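The values are calculated or read from the model by the stated rules, or taken from the named source; none is laboratory data. Small disclaimer: the values here were computed from a predicted structure and weren't measured. Note that we place each Cβ from the backbone using ideal geometry, even for glycine, and neighbour counts take in every protein chain shown. With ligands, DNA and RNA removed, areas are computed over all heavy atoms of the protein, side chains included. Shrake-Rupley method; radii C 1.70, N 1.55, O 1.52, S 1.80 Å.
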Amino acid sequence: MLKTRNITLNSILKNIFLIVVFGLIALFLNIINIGCPFRYITGIPDPFCGMSRAMYSLLNLDISQAFYYHPLFIIFPFYLYLLVDYINHKRHFILLFLLTIAYFIVYLFRLGLFYIP
């Protein structure tokens with residue numbers, strides 16, 4: 001017998017709340033001019049370095065600048081959604097894993113070219 005998942009308003013609101021909290025944290029870090037806390041503390045960029053600047057550029061409709069800051073900017077909201085959904089329901093592991101691998105491949109490529117703005 002197939003099990004169907006009952007999507008409740010509570011689970012949708014919980015996901016939206018977590019995504020908004022992540023966004024507000026990123027906004028706060030940009031306002032106080034820290035940017036990436038990992039890079040600020042260690043001096044080493046992480047795989048998502050440049051993502052907040054890329055999203056800011058996307059909001060200003062500057063696609064080329066967004067791509068300059070991080071080439072995977074366009075899938076980042078989807079990645080965040082999958083991450084929050086996985087934390088809540090333990091689903092979409094393979095897709096989340098493949099996207100994480102994609103971020104690390106881009107990260108290693110950018111590190112090799114010394115191209116992390």
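Check Ile94 against each of (1) at pLDDT 85 or above; (2) more than 30 Å from Leu9 (Cα to Cα) and name the one condition it does not meet.
If we test Ile94 against (1) at pLDDT 85 or above; (2) more than 30 Å from Leu9 (Cα to Cα), just (2) comes out false.
Just to verify a result, which residue in region 8-17, among those that are open to solvent by less than 100 Å² (accessible area, probe 1.4 Å) and out of contact with any helix residue (DSSP H, G or I) (no Cβ under 8 Å at 6 or more places or on another chain), is modelled with the lowest pLDDT?
This residue is Thr8.
Taking region 18-57 as the region of interest, how many residues are surrounded by 11 or more Cβ atoms within 10 Å (Cβ to Cβ) and part of a loop (DSSP other than H, G, I, E, B)?
Looking only at that region, the number is 10.
Tell me which residues, restricted to region 69-92, are in contact with a Cys (Cβ under 9 Å, 6 or more places away or on another chain) and either in contact (Cβ under 8 Å) with a residue 40 or more places away in the chain or part of a helix (DSSP H, G or I) (or both).
The one that is in contact with a Cys (Cβ under 9 Å, 6 or more places away or on another chain) and either in contact (Cβ under 8 Å) with a residue 40 or more places away in the chain or part of a helix (DSSP H, G or I) (or both): Tyr69.
Which of the following residues is in a helix (DSSP H, G or I) and surrounded by 15 or more Cβ atoms within 10 Å (Cβ to Cβ): Leu99, Leu95?
From the options Leu99, Leu95, the qualifying one is Leu99.
Do you know which residues across region 45-88 are at pLDDT below 85 and more than 18 Å from Phe22 (Cα to Cα)?
Pro45
Taking interchain pairs and intrachain pairs at least six residues apart, which have beta carbon atoms under 7 angstrom, with the first residue in region 46-68 and under 17 Å from Asn33 (Cα atoms) and the second among the polar types (S, T, N, Q) and part of a helix (DSSP H, G or I)?
Once the first residue is under 17 Å from Asn33 (Cα atoms) and sits in region 46-68, its partners that are among the polar types (S, T, N, Q) and part of a helix (DSSP H, G or I) give Ser52/Asn30; Ser57/Gln65.
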